[in-house]
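The values are calculated or read from the model by the stated rules, or taken from the named source; none is laboratory data. This structure is a prediction, so every number in the text was calculated from the model and none was measured. Cβ: placed from backbone, ideal geometry, glycine included. Neighbour counts: every protein chain shown. The area values use the complete protein model at the heavy-atom level, side chains included, leaving out ligands, DNA and RNA. Shrake-Rupley method; radii C 1.70, N 1.55, O 1.52, S 1.80 Å.
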Amino acid sequence: MKAFRLDELEAERAANDGAYLQFLRERNMSVGLYALDAGQSDPQQPHHQDEVYFVVSGRASITVGEETTTVANGSVVYVPAGVPHRFHHITEPLKVMVVFSPPEG
């Protein structure tokens, strides 16, 4: 079994000065923690994998393709592989769990 604590993952992500920390990689998926500050721009480009975002905390909008919605704690968003997407109008610091399938990179 592999088990993780969000507070420890966040501390590791912050210590590495990055917006993204991949903390699990298996044959069919990878999982990471993504964080953006209020007002920050999201530099993402489309990925080659399907993605699921689970918003752990914060508030923002996300545009996937031509659709836009507001997300907050507990929101789940699916992004198909190759579709342009980004978070924007981040009004509260955003922490998002990201699941890629197949694994990213």
**Request:** Considering (1) under 21 Å from Arg59 (Cβ atoms); (2) of a type outside the set (Lys, Arg); (3) open to solvent by less than 50 Å² (accessible area, probe 1.4 Å), say which one Leu24 fails and leave the rest.
**Result:** (1)
**Message:** Which condition from (1) within 22 Å of Pro103 (Cα to Cα); (2) surrounded by fewer than 15 Cβ atoms within 10 Å (Cβ to Cβ) is the one that Thr70 breaks?
**Reply:** (1)
**Fill in**
Counted residues in segment 1-18 being touching a Leu at 6+ places or on another chain (Cβ under 6 Å) and not charged (D, E, K, R) come to 1
**Message:** Let me confirm something: among Gly32, Gly58, which residue is in a strand (DSSP E or B) and on the phi < 0 side of the Ramachandran plot?
**Reply:** Gly32
**Message:** For segment 64-96, give me each residue that is part of a strand (DSSP E or B) and either small (Gly, Ala, Ser) or farther than 22 Å from Gly39 by Cβ (or both).
**Reply:** Glu67, Ala72, Val76, Tyr78, Val79
**Message:** Exactly one condition in (1) of a type in the set (Ser, Thr, Tyr); (2) farther than 14 Å from Phe100 by Cα; (3) crowded, with 16+ Cβ neighbours inside 10 Å is false for Tyr34; which is it?
**Reply:** (2)
**Request:** Determine whether Val76 is surrounded by 15 or more Cβ atoms within 10 Å (Cβ to Cβ), within 21 Å of Arg5 (Cα to Cα) and at pLDDT 95 or above.
**Result:** no
**Prompt:** among the hydrophobic types (A, V, I, L, M, F, W, C) and either modelled with pLDDT under 95 or touching a helix residue (DSSP H, G or I) at 6+ places or on another chain (Cβ under 8 Å) (or both): does that describe Phe23?
**Reply:** yes
